[in-house]
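Beneath this line is the structure, given in structure tokens, with notes to follow.
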Amino acid sequence: MKRGFFTVMAAQFFSSLADNALFVAAVELIRMSGGAEWERAALVPMFALFYVVLAPFVGAFADSRPKGQVMFISNAIKVVGCLMMLFGTHPLLSYAIVGLGAAAYSPAKYGILTEMLPASQLVKANGWIEGLTIASIILGVLVGGQLVSPHAADMLLGIDVPFFETGIDTAPEAAIALLILLYALAAWFNIRIPNTEAPLRPLPRNLLALIPDFWSCNKKLWNDRLGQISLATTTLFWGVSGNLRYIVLAWSAAALGYSTTQASSLVGVVAIGTAVGAVVASVRMKLHQATRVMPLGIAMGLLVVAMNLITNVWVAAPFLIFLGAIGGFLVVPMNALLQHRGHNLMGAGRSIAVQNFNEQACILALGGFYTFSTGLGLSAFGAITGFGLLVAGFMWLIQKWHARNLVAHKEEVDHLMDVAKNDHMHG
């Protein structure tokens, strides 16, 4: 791996660490302020909002300037969201602004991989990036949970700033103030990401012209015989995975009687398994073998339903690790295949923006459904059952779709597989 790749990894790690710790702090901030259950659940779709709304623009923005610069600007937007939350803006609106920064950050962090590395290293690179991202989720959720605990809160609130009244009076506010330092550390790495010298694509004077261009890119990826399968799989995986982050918190409280601090540790346990699965996939899987992992998606959905049978933490922990490992092994090769096809069809930034649009639209739709259902009284157990059956059913349909492509479009699929095997072929 090139030296600059590790700088990208460090920047991504600390930015994602802060994102996930902030999520837990925001959940606790709403809870302590007397907010309804649906407001806490709504944090997930609010984070996804700008991924969907700005999808036609963020990919083109990422392709218009060096990716390290884009990541720095995006990180600064996240800090603005933190400050808004800290000084009284409603957590849902503030977290949406953090999501705006993340929406601009994502095409740059993934797009730079295809600029730095050949196709043969994309699965390996994705394994490292996803493994590190998952590690940041583990630590972020755990750090967030610990920062809002009574012990840490007493320490943080006991810090006195001479001649300055901060107005920080609660554990979540103290946690948020500390997390701004993590975003600053990520920004320090952002400015040290080397320029890949990849050709830039200037933004058009009329930004609205990007909308038909985006839909054209979206159509290209859905019409590609390998792109459509990898896009459908990753869209479904991240749609459910994004919402499970909150659902595990709710399930832990309902099934085990856990507090936010205790429940955050189980979210981290899922992420540990995902990291293991991601790293194993990066070692064992090749780009052209990505479609072989689809049966794992069906198994993952059924295992989600089985969560409802667990009432003991000593059973829950290994079960959630195994569940996460299956997800990690599934998503890494599929993600790499999707990046590969997108880079060949339209360029790195635009393809990642299309991917983000579809994945975050799924998170938004499922999160909106869960939030609405919670408002109507649906339990965490009911939501978990619905999500699990949804994953298993749709993964079965995607697998059948690919099987049909192998018969009806065999020559085209074979050619695309050959391209995936060769660093110097394009198509």
Open item on the list: Within region 277-298, take every residue that is surrounded by 17 or more Cβ atoms within 10 Å (Cβ to Cβ) and without any contact (Cβ under 8 Å) to a residue 60 or more places away in the chain and give me the one that is nearest to HIS340 (Cα to Cα).
Closed with: VAL293
TODO: Would you point out the residue of region 341-360, among those that are of a type in the set (A, V, I, L, M, F, W, C) and open to solvent by 30 Å² or more (accessible area, probe 1.4 Å), that is modelled with the lowest pLDDT?
DONE: LEU345
- [ ] Could you identify the single residue in GLY35, GLY88, GLY59 that is small (Gly, Ala, Ser), assigned to a loop (DSSP other than H, G, I, E, B) and open to solvent by less than 60 Å² (accessible area, probe 1.4 Å)?
- [x] GLY35
TODO: Find all pairs meeting these conditions: Cβ atoms under 8 angstrom apart; at least six residues apart or on different chains; first residue within region 45-56 and touching a residue at least 60 places away in the same chain (Cβ under 8 Å); second residue hydroxyl-bearing (Ser, Thr, Tyr) and open to solvent by 30 Å² or more (accessible area, probe 1.4 Å).
DONE: none
Task: Among (1) open to solvent by 10 Å² or more (accessible area, probe 1.4 Å); (2) modelled with pLDDT of 80 or more, the one test that SER265 misses - done: (2)
- [ ] Could you pull out the residue among ILE180, ILE176, ILE211, ILE193 that is in a loop (DSSP other than H, G, I, E, B) and in contact (Cβ under 8 Å) with a residue 12 or more places away in the chain?
- [x] ILE193
Task: Options VAL53, VAL79: the member that is over 23 Å from TRP188 (Cβ atoms) and out of contact with any Lys or Arg (no Cβ under 9 Å at 6 or more places or on another chain) - done: VAL53
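Name the helices (runs of 4 or more DSSP H) wholly within region 216-329 that hold at least 1 residues that are out of contact with any Asp or Glu (no Cβ under 8 Å at 6 or more places or on another chain) and charged (D, E, K, R)?
227-256, 260-284
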- [ ] May I ask you to say which residue of GLU165, GLU130 is open to solvent by 30 Å² or more (accessible area, probe 1.4 Å) and either modelled with pLDDT under 75 or over 16 Å from the mean Cα position of the chain (by Cα) (or both)?
- [x] GLU165
Task: Options ALA403, ALA316, ALA325; residue that is open to solvent by less than 20 Å² (accessible area, probe 1.4 Å), hydrophobic (A, V, I, L, M, F, W, C) and farther than 24 Å from GLY111 by Cβ - done: ALA316
Open item on the list: Just to check your reading of the model, which residue among GLY382, GLY368 is over 25 Å from LEU132 (Cβ atoms), in a helix (DSSP H, G or I), without any contact (Cβ under 8 Å) to a residue 40 or more places away in the chain and of a type outside the set (Phe, Trp, Tyr)?
Closed with: GLY382
Open item on the list: So GLY388 passes all but one of these: (1) surrounded by fewer than 16 Cβ atoms within 10 Å (Cβ to Cβ); (2) in a helix (DSSP H, G or I); (3) not β-branched (Val, Ile, Thr). Which condition number does it fail?
Closed with: (1)
- [ ] Return yes or no: is ALA420 in contact with a Ser or Thr (Cβ under 9 Å, 6 or more places away or on another chain), open to solvent by less than 10 Å² (accessible area, probe 1.4 Å) and among the small types (Gly, Ala, Ser)?
- [x] no
Open item on the list: Quick check on my filter: what residues within region 62-73 are within 14 Å of ILE193 (Cα to Cα), buried (at least 24 other Cβ atoms within 10 Å of the Cβ) and not hydrophobic (A, V, I, L, M, F, W, C)?
Closed with: LYS67
- [ ] May I ask you to say which residue of LEU376, LEU416, LEU366, LEU338 is closer than 21 Å to ALA278 by Cβ and either basic (Lys, Arg) or modelled with pLDDT under 90 (or both)?
- [x] LEU338
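Results for (1) in contact with a Cys (Cβ under 7 Å, 6 or more places away or on another chain); (2) within 15 Å of ASP224 (Cβ to Cβ); (3) not small (Gly, Ala, Ser), shown as yes or no for each residue.
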site: SER379; (1), (2), (3): no, no, no
site: GLY382; (1), (2), (3): no, no, no
site: LEU390; (1), (2), (3): no, no, yes
site: TRP396; (1), (2), (3): no, no, yes
site: LYS400; (1), (2), (3): no, no, yes
site: HIS409; (1), (2), (3): no, yes, yes
site: GLU412; (1), (2), (3): no, yes, yes
site: HIS415; (1), (2), (3): no, yes, yes
site: LYS421; (1), (2), (3): no, no, yes
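The values are calculated or read from the model by the stated rules, or taken from the named source; none is laboratory data. Bear in mind the structure is a predicted one, so any value in this text is a computation, not a measurement. FYI the Cβ positions are ideal-geometry reconstructions off the backbone, even for glycines, and counts take in every protein chain you see. Keep in mind that these areas ignore ligands, DNA and RNA; they rest on the heavy atoms of the full protein, side chains included. Shrake-Rupley method; radii C 1.70, N 1.55, O 1.52, S 1.80 Å.
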